[in-house]
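Reading through the C-alpha cells given below for one structure.
The values are calculated or read from the model by the stated rules, or taken from the named source; none is laboratory data. All figures in this text were calculated on a predicted structure; none of them were measured in a lab. Cβ placement follows ideal geometry from the backbone for every residue including glycine, while neighbour counts extend to all protein chains displayed.
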Amino acid sequence: MEIDIDKSWFKDWFNSPYYHLLYANRDEQEAAAFIDKLLAYLQPPLHAEMLDVACGKGRHAKYLADKGYDVTGIDLSIESINIAKKMENEHLSFFQHDMRLPFRVNYFDVVFNFFTSFGYFASPRDNNNALRTLANALKPGGKLVLDYLNSPYVEKHLVYDEVKEKDNVVFDIHRELKDHKFLKKINILDKNLMRRLTYAESVNAFNREDFEQMFARQGLVITEIFGDYHFNSYDEERSPRLILVATKP
C-alpha cells in the first residue's frame, strides 16, 4: 500500500483526540523509572532550569517539577498545551511553540526530548533548525538528552499491518519504510460517531551516524549513547532505543 504523507501531518494528528486514544497505554511507570535514572546520571543542580521539548500533555514535565526543578514545557499542539496548563505552578510552565523556532537562548541547564519527539519534518533544514533550538536553549555546560527510536532495530521488527480497537474506535494501521522514513497510515473507524478518518505519521529513519553529524553541526558533544531505558549500552542490532546524551561546550 502506498502511503502519502502531508509534510505538516503532525499539526492535525497531534491535536486529534484519536492520537491520544491510540497512545493512551504508554507505560508511565517505565517513563518515571527512566527519568529517575536520567536524573541520577545527570546530577542536575537543585532548582535546575529544565526544558521539555515536545512535552505533549506535560506529564513528564510535571514529574520533573515535582522533584524540585524549574521546568518549562513546549509543544506545537494547542490541545495538549491547554491540558498541560492546568498543572502550571511556580515551578512549572507551558507554552505552545514550534520547535523549529528559537526558544530562550543560553537559559536551561538540561533540555529533554523524550520518546521519539524529533525527526518529524520533511526537510533536513527543518530537522536541523529543531536541533538548533534544543542546542541554543542550553547554557554553556548544559546537557541535552534526546531519546529516539533505533532505526536499524525498528526496520528489522517492523509490523507492516495491525488492527487495534479502543473505546469502540478501530485503528487500522499500515507501516512501511520508504525514502529513509518510517511511514504510518492510520485508518480510523469511530463506531460511536459512525465516521471514518485517516491520519498519517512520518519519522525520519535517522541512525547513529546521522545524529553524530547533526549534533556536531550544532556544536554539541555526545558524551554517552544508551540503547534502552535501563541504560544498557547501545547496540545497533539489538537496542530498541537510541538515547543520546550531549553537552554544550
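Points worth noting:
- Residue count for the range 16-36 under the criterion of being surrounded by 15 or more Cβ atoms within 10 Å (Cβ to Cβ) and under 15 Å from the mean Cα position of the chain (by Cα): the result is 5.
- Listed by first and then second residue, the pairs with beta-carbon distance under 7 Å, at least 6 apart or on different chains, first residue in the range 68-85 and in the same structural domain as Phe118 (by TED's automatic domain parsing), second in a helix (DSSP H, G or I) and at pLDDT below 95, are Leu76/Phe10; Leu76/Lys11.
- Residues that are surrounded by 12 or more Cβ atoms within 10 Å (Cβ to Cβ), among the acidic types (Asp, Glu) and either without any contact (Cβ under 8 Å) to a residue 40 or more places away in the chain or under 21 Å from His20 (Cβ atoms) (or both) within the range 163-186 comprise just one, Asp172.
- Among the residues of the range 103-141, the ones that are part of a loop (DSSP other than H, G, I, E, B) and either without any contact (Cβ under 8 Å) to a residue 24 or more places away in the chain or more than 14 Å from the chain's Cα centre (by Cα) (or both) come to 7 in all.
- Counting residues in the range 226-245 that are more than 27 Å from Phe108 (Cα to Cα), crowded, with 16+ Cβ neighbours inside 10 Å, touching a residue at least 60 places away in the same chain (Cβ under 8 Å) and of a type in the set (A, V, I, L, M) gives zero.
- When the range 219-243 is filtered for residues that are assigned to a strand (DSSP E or B) and farther than 13 Å from Ser151 by Cβ, the ones remaining, listed by number, are Val221, Ile222, Thr223, Glu224, Ile225, Phe226, Ser233, Ile243.
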